[in-house]
Structure formats: C-alpha cells, structure tokens
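Since every read-out is calculated from the coordinates, none of them should be taken as a lab result. What you are looking at is a predicted structure, and each value in this text was computed from that prediction instead of being measured. Every residue, glycine among them, receives a Cβ derived from its backbone with ideal geometry; neighbour counts consider all protein chains shown.
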Amino acid sequence: ISLTANDACSGPITVAGTDAVTAGSCSSSFTVTRTWTFVDACGNTSSVNQTINVRDTSNPVLPTPPANITVSCAGEVPPMISLTASDTCAGQITVTGVDMTAPGSCPSSYIITRRWTFVDPCGNSASISQTITVQDITAPVIAALPAPTTINCSAVPQFAQATATDNCGSAFTLTFSDVTTPGQCAGSYSVIRTWTAADAC
C-alpha cells in the first residue's frame with residue numbers, strides 16, 4: 001500500500017517501501033518486515049514498519065476416497081492406489097497409504113481399513129479411508145466322481161477318493177458318510193458314499 005507523510009517545511013516528500021523476508025520453520029511459514037522510508041527535500045528521513053507473520057495452519061484439501069467394497073477372497077483385494085491432495089499454500093504434499101486389518105469370523109473373512117494420510121510441508125495433515133470387506137461365502141468345489149457301478153456280491157465295494165478345491169485357497173476338510181440300502185434279497189444292497197468339503201469359513 002502507499003503511505004504519505006507530513007513535513008514541517010515545505011517541499012516534496014518521497015516514499016520507498018521495501019519488504020524483508022525471514023524464513024520460518026517451513027516453506028509456507030515466514031515473516032515479512034515491511035518498511036516505508038520517507039525523505040524530504042533536504043534529505044531528512046524517517047521510517048515506519050509493519051510486521052506480517054505468515055503461518056500455514058490449513059490442512060491439505062482431501063480428494064474423494066475410493067468407494068467401500070466387498071470382495072470374496074484375498075486375491076480380489078485391489079492394490080493400493082496413489083491419491084493426491086491440494087493445499088491452500090504452496091509446497092509439496094506427501095502421502096502415505098497404510099492397510100489395517102481387523103479379523104473376521106474366520107481366516108478368510110476380515111475387514112481392511114485402507115487409510116491415506118496427506119501432510120503438507122508445515123506438518124498439517126488430513127486423512128481419508130476406504131473399507132474393504134473380505135467375505136468368503138463360497139463353498140469348496142468337489143471334483144466329479146465316477147459313475148455308479150455294479151459289483152458281484154462277493155466283492156468289496158471300492159470307492160474313489162474325492163478331491164476338492166477352494167476358491168479362496170484356504171484349508172478345508174473332506175469327510176464322507178456311507179448309507180447302505182438293502183436290496184431285494186440278502187446278497188443285494190447298495191451303498192451311497194456322500195462326501196462333504198468344508199473350508200475354514
């Protein structure tokens with residue numbers, strides 16, 4: 001701004017304004033000492049000054065976080081992505097992404113809280129988060145077994161060993177139970193073996 005001064009004697013007065021900047025603790029915090037110097041026609045001078053303290057106390061302006069999602073297996077959890085924030089003051093903003101996991105009801109079901117924290121050069125920070133729910137609700141798949149067979153009464157029934165896979169790759173148990181149904185005579189009967197696969201969830 002322009003300032004004016006009065007003088008006891010006549011004659012023009014010139015004014016010059018200068019700023020002296022003193023660095024603060026970070027790039028967006030500093031002090032400006034603004035000095036106005038007045039000189040009359042005979043070279044007499046006087047000065048006034050103003051101190052302006054610039055302090056960055058504003059948190060970064062956060063971006064929109066990714067939407068909360070639910071996936072069925074750990075392999076479907078999306079990778080950490082890079083997000084950016086803006087700031088009312090100048091300077092580079094650093095961002096840190098961290099996953100925090102809370103256990104669920106079983107090993108393949110849990111909740112991930114994905115948090116991004118943004119920090120400006122003056123230490124002001126703000127965070128956003130996304131919730132990723134991992135929910136294993138898919139049963140293991142048992143591979144096809146051989147077709148029904150007929151044997152002579154003197155032979156002992158031989159059953160194929162069942163195999164199974166789990167879509168989330170978790171451990172599972174494979175058990176069976178037999179049900180025998182009598183036939184039309186003492187030497188005739190049928191046996192049905194039922195396999196059950198159960199994963200950790």
Report the residue, chosen from Ser170, Ser28, Ser154, that carries the largest GNM mean-square fluctuation when the chain is represented by alpha-carbon nodes joined by springs under 10 Å.
Ser154
Starting from the Cα of Ser47, step 7 Å along the direction of its Cβ; do the same at Ile142; then give the gap between the two resulting points in nm.
9.4
Among (1) 1.00; (2) 0.96; (3) 1.56, which is the computed Rg/Rh (Cα atoms, Kirkwood Rh)?
(3)
For the chain, which cysteines have no disulfide-compatible partner, meaning no other cysteine Cβ under 4.7 Å?
Cys9, Cys42, Cys89, Cys153, Cys185
Diffing segment 179-186: the Karplus 3J(HN,Hα) column from phi (6.51, -1.76, 1.60, θ = phi - 60°), in whole Hz with x for Gly and Pro, holds 10, 9, 10, x, x, 7, 8, 4
What are the ³J(HN,Hα) couplings of segment 132-148, residue after residue, when phi is run through the Karplus curve with 6.51, -1.76, 1.60 and θ = phi - 60°? Round to Hz, x for glycine and proline.
10, 9, 9, 10, 7, 10, 9, 6, x, 10, 8, 5, 4, 9, x, 5, x
